[in-house]
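Data block below; observations after.
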Amino acid sequence: MNKCLGCGCDTKRESLCDRCFRIKNYNDYEKINIDESKINDILSTIEIKDTVVLVVDLLNIPSSFDIIKKVIKNDIILVLNKYDLMPTNNEKKYQDYFNKYNLNIVKTFCVSCKKNYNIDDFYSYLHDNCSNKIYFIGYTNSGKSSLINKLIYNYSSSNTTITTSPLVNTTLDAIEIKINDITFVDTPGIISNQNSCFDDNILKKIAKSNKIKPITYQIKGRQYIIIEDIIEIEVNDNDITLYLPNNFNIERLYKKKNMAGDFKIINYNINSKSDIVLSGLGFFKVNKPGEINLKINNDIYCFVRDNLI
Ligand SMILES: Nc1nc2c(ncn2[C@@H]2O[C@H](COP(=O)(O)OP(=O)(O)O)[C@@H](O)[C@H]2O)c(=O)[nH]1
Ligand SMILES: [Mg+2]
């Protein structure tokens, strides 16, 4: 058996397993489940002398980092990735937002793998300050593998690329990559019950999305905002601002829409200091206290948090 260079799984093939080959060549994604104990086993091999980089998707900040705090006792270098998607350039604000989680953060970087933003600063910090084994950890889809690929591309002559995809659980085992005497270890994403599942059409739109342009609707009376026929937001006399991929279909209607699929209903009483997060998609807020009734596809996870912006 060999180890697949793309995802770390055992394979009979020389370099890439069948699944990575199909993802890389045909964008043909196949979702695989990973056992939670497998991830814990990998994380528990991290020694206190190793460096830990926690990668977070700025558009998909989890409601808590308790799973990570339980397993990781090391100092943490926090990387806030996908900065290119954020509607406002306010690195300090995004960094400060993480104070409340009480992680042992020693340094924070806002980066974009897609736009190669801040990658030089991040790499030179690692190069100058860190141990020679650096683990990249975080929730699935935050961009851990994309970030290591960016480092390989920018700072080594290797043409190895780890497989990345918009689906969860792309990386299946620890993958070690050596760049200039430092060993970078990619890890499978931490599994959480806060991950939404989307169909291919939505995943492709998310993957193609650019910088978010917030959209505000001034709602008089009772109206319904329909997002891609997977979310209906019922709003009553309020202003609502949506932060969503800007290629999404959004309709504003005066009556409910018939949408196909299995839905759950969630009622929120929120104020202007809160965001409702549609995990994996984005978030929205209102400008005065009020009721929001969400009808949302069963596979989408949502929660309330303090305003990010
Ligand atoms: N817009 C944007 N997308 C990114 C960025 N970094 C990664 N992605 C996308 O996020 C998805 C998950 O990336 P991946 O590296 O597989 O995440 P991992 O599960 O943490 O290893 C992929 O579709 C990537 O193309 C970024 O900086 N900006
Ligand atoms: Mg990965």
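The residue that is farthest from K92 (Cα to Cα), among those in the stretch 264-309 that are among the aromatic types (F, W, Y) and more than 16 Å from the chain's Cα centre (by Cα), is Y268.
The residues listed here are K115, K133; of these, the one that is near ligand 1 (Cβ under 8 Å from one of its atoms), surrounded by fewer than 20 Cβ atoms within 10 Å (Cβ to Cβ) and either within 28 Å of I67 (Cα to Cα) or assigned by TED's automatic domain parsing to the domain that holds P87 (or both) is K115. Among the residues of the stretch 148-155, are any assigned by TED's automatic domain parsing to the domain that holds P62, modelled with pLDDT of 95 or more and more than 15 Å from ligand 1 (Cβ to nearest atom)? Looking for residues that are assigned by TED's automatic domain parsing to the domain that holds P62, modelled with pLDDT of 95 or more and more than 15 Å from ligand 1 (Cβ to nearest atom), one finds at least one in the stretch 148-155, hence yes. Considering the stretch 19-49, the residues that are among the charged types (D, E, K, R) and in contact with a Cys (Cβ under 9 Å, 6 or more places away or on another chain) include one that is nearest to N81 (Cα to Cα), namely K31.
Cβ-Cβ distances below 8 Å connect no pair with a first residue in the stretch 92-118 that is over 15 Å from I76 (Cβ atoms) and without any contact (Cβ under 8 Å) to a residue 24 or more places away in the chain, a second residue that is in a strand (DSSP E or B) and among the polar types (S, T, N, Q), and a separation of six or more residues or different chains.
Candidates I250, I219, I215, I231: the one that is at pLDDT 95 or above and in contact with a Leu (Cβ under 6 Å, 6 or more places away or on another chain) is I215.
Within the stretch 71-87, take every residue that is touching a residue at least 40 places away in the same chain (Cβ under 8 Å) and within 16 Å of V111 (Cβ to Cβ) and give me the one that is nearest to ligand 2 (Cβ to nearest atom). So, considering only residues that are touching a residue at least 40 places away in the same chain (Cβ under 8 Å) and within 16 Å of V111 (Cβ to Cβ), the one nearest to ligand 2 (Cβ to nearest atom) is N81. With the condition kept exactly as written, say whether any residue in the stretch 88-100 is surrounded by 17 or more Cβ atoms within 10 Å (Cβ to Cβ), more than 20 Å from T187 (Cα to Cα) and in contact with a Ser or Thr (Cβ under 8 Å, 6 or more places away or on another chain). There is at least one residue in the stretch 88-100 that is surrounded by 17 or more Cβ atoms within 10 Å (Cβ to Cβ), more than 20 Å from T187 (Cα to Cα) and in contact with a Ser or Thr (Cβ under 8 Å, 6 or more places away or on another chain).
So which helices (runs of 4 or more DSSP H) stay within the stretch 1-73 end to end and still have 3 or more residues that are surrounded by 16 or more Cβ atoms within 10 Å (Cβ to Cβ) and at positive phi? Correct list: empty, since no element meets the threshold. Residues that are crowded, with 16+ Cβ neighbours inside 10 Å and of a type in the set (A, V, I, L, M) within the stretch 260-292 comprise I270, I276, V277, L278, L281, V286, I292, listed in sequence order.
The values are calculated or read from the model by the stated rules, or taken from the named source; none is laboratory data. Because the structure is predicted, anything quoted here is derived from the model rather than measured. With ideal geometry, Cβ positions are generated from the backbone for all residues, glycine too; neighbour counts draw on all protein chains shown.
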